[in-house]
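Undergrad: Let me begin by handing over the structure; questions about it come next.
The values are calculated or read from the model by the stated rules, or taken from the named source; none is laboratory data. Just so you know, these numbers come straight off a predicted model, no measurement behind them. Cβ placement follows ideal geometry from the backbone for every residue including glycine, while neighbour counts extend to all protein chains displayed. Side chains are part of the model used for accessible areas, which takes the heavy atoms of the whole protein and leaves out ligands, DNA and RNA. Shrake-Rupley method; radii C 1.70, N 1.55, O 1.52, S 1.80 Å.
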Amino acid sequence: MTNLEAYYKKFDEEHRLKSRHGQVEFFVSMKNILDAAQKAKNKKDGQGETGPVKILDLGAATGAYSVPLSRQGFDVTAVELVKSNLEKLRAKHEKVKCWSGDARDLHFLDDESFDITLIFGPLYHLHSEEDKLKALSEAKRVTKKGGLIFCAYVMNEYAVIQYCFGQNKIKENIKAGQIDKSFRTISSDGDLYSYVRLDEVNRLKEKSGLERVKIFSPDGPADYIRREINSFDDETFELFKNYALEISERPELLGAGSHLVDVLKK
């Protein structure tokens, strides 16, 4: 069993997205996905094409996005590397086509098959630029011309603030060679996560040959104030979700949250 498999065997991703801070991330991300899906549908209708919008969910885990998107009538294909996650997704008996696979090698999927491709997971765990570009290249190959690719990353400053300083481990991290002089995290294949800064996201976008449509922070400040948002009444929490959506594309805040989503066009 790999470190990744062992981690996700214990970690409950569905529970995370049902938590208050997870709901913020899901709400903002889903709003952007559904807006893109509606535009893809309008485009198909305008061209006289039949059939639902086709969505590929790479690193689908147990279907946190695949299942609700399928229930809304989209044709959803899920690809997941971790066997236990895939088993849980299949056990739900939803109308989701499930594949076991690695985002870097989608040989089992045809070229230009999907209107929208989600990469919500793989880029968290791939450490080298080469591997990240392989995943982006495969997503590009299977996405239709004019289609969108949603690329999610986990961010450097969140890791440094919350874990290195927040848990008072910064001196240990520096001594272990996990943080450089510019406070950039240094990860290796043995680590679970690869944390990035906006300059790295920009470089990957440029090297992938894809065009940016938008870039947004799906959770904004939510992960920093978990205790506070857990104490909100329902009305205040709804206001906070709308606030997070409203500020999600503000350039001065990009990279400050725990996640970032780069929306790229083929």
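Undergrad: Placing unit charges on C-beta atoms (Lys and Arg positive, Asp and Glu negative, everything else neutral), compute the dipole magnitude of the chain about its Cα centre in debye, rounded to 20.
TA: Using only the charged Cβ atoms, the result is roughly 240 debye.
Undergrad: Still on this model: Enter the accessible area per residue of the stretch 1-152 (Å², integer; probe 1.4 Å; all protein chains in place).
TA: Counting only protein heavy atoms, the per-residue value for the stretch 1-152 is 47 Å².
Undergrad: Given a 1.4 Å probe, how much area per residue of the stretch 180-266 is accessible, in Å²?
TA: Per residue, the stretch 180-266 has an accessible area of 55 Å².
Undergrad: Next up: Leaving out ligands, DNA and RNA, and with a 1.4 Å probe, what % of the accessible surface on the chain is carbon or sulfur?
TA: 51 percent
Undergrad: May I pose another question? Could you please state, rounded to a whole Å, how far the C-alpha centre of the stretch 109-127 is from the C-alpha centre of the stretch 129-204?
TA: 16 Å
Undergrad: Considering just Cα atoms, how many Å³ per residue does the convex hull of the stretch 187-260 enclose?
TA: 115 Å³
Undergrad: Which whole-number percentage describes the relative contact order of the stretch 78-137, with Cα contacts under 8 Å and a sequence gap of 6 or more?
TA: 34 percent.
Undergrad: Can I ask one more? Starting from the Cα coordinates of the stretch 76-141, work out the convex hull volume and express it per residue in Å³.
TA: So the per-residue Cα hull volume is 86 Å³.
Undergrad: Please work out the Kirkwood hydrodynamic radius for the stretch 125-177, using every pair of different C-alpha atoms, and report it in angstroms with one decimal place.
TA: That comes to 13.7 Å for the stretch 125-177.
Undergrad: Between Lys145 and His93, what FRET efficiency follows from the Cβ-Cβ distance if R0 is 30 Å, with the result rounded to 0.05?
TA: In this case the efficiency is close to 0.35.
Undergrad: Additional query: Could I get the Rg over Rh figure for the stretch 1-159? Both from C-alpha atoms, Rh via Kirkwood, rounded to two places.
TA: 0.95
Undergrad: Can you run the Rg to Rh ratio on the stretch 57-101? Use alpha carbon positions and the Kirkwood inverse-distance Rh.
TA: With Rg and the Kirkwood Rh in hand, the quotient comes to 0.91.
Undergrad: Treat every Asp and Glu Cβ in the stretch 22-93 as -1 and every Lys and Arg Cβ as +1, leave all other atoms uncharged, and give the resulting dipole magnitude about the Cα centre to the nearest 20 debye.
TA: Dipole size: approximately 100 debye.
Undergrad: If all Cα-Cα distances of the stretch 18-89 are sorted into 5 Å bins from 0 onward, what percent lands in each bin, rounded to whole numbers?
TA: The percentages, shortest bin first, are 3, 15, 22, 22, 18, 11, 5, 3, 0.
Undergrad: Along the charge dipole of the chain, pointing to its positive end and built from +1/-1 on Cβ of Lys, Arg, Asp and Glu, which listed residue (Gly257, Asn168, Trp99) has its Cα farthest out?
TA: Farthest along the dipole direction, towards plus: Trp99.
Undergrad: Considering the convex hull of the alpha carbon atoms of the stretch 150-197, report its projected area averaged over all viewing directions, in nm², one decimal.
TA: 3.6 nm²
Undergrad: While we're here: Give the shape of the stretch 125-240 as rounded, prolate or oblate, defined through the alpha-carbon gyration tensor: a ≥ b ≥ c are the square roots of its eigenvalues, a/c under 1.5 means rounded, and otherwise the shape is prolate if a/b is larger than b/c and oblate if not.
TA: Oblate, since a/c reaches 1.5 and b/c is not below a/b.
Undergrad: Using the C-alpha atoms of the chain, what convex hull volume per residue, in cubic angstrom, is computed?
TA: Given the Cα convex hull of the chain, per-residue volume reads 137 Å³.
Undergrad: Using Cα springs under 10 Å in a Gaussian network model of the chain, which residue among Gly177, Gly147, Gly209 shows the largest mean-square fluctuation?
TA: Judging by the Gaussian network model, the answer is Gly177.
Undergrad: Around Arg197, under 15 Å between beta carbons, what's the net of Lys plus Arg minus Asp minus Glu among the other residues?
TA: -3
Undergrad: What dipole magnitude, in Debye to the nearest 20, does the stretch 139-232 give about its Cα centre under +1 on Lys/Arg Cβ and -1 on Asp/Glu Cβ?
TA: The dipole magnitude comes to about 380 debye.
Undergrad: Taking amide H atoms as placed 1.01 Å from N in the peptide plane, list the residues 5 or more away in sequence, or in a different chain, whose amide H sits under 5 Å from that of Val76.
TA: Ile55, Lys97
Undergrad: Put a dot 7 Å past each Cα toward the Cβ at Arg16 and Ser128; how far apart are the dots in nm?
TA: 2.5 nm
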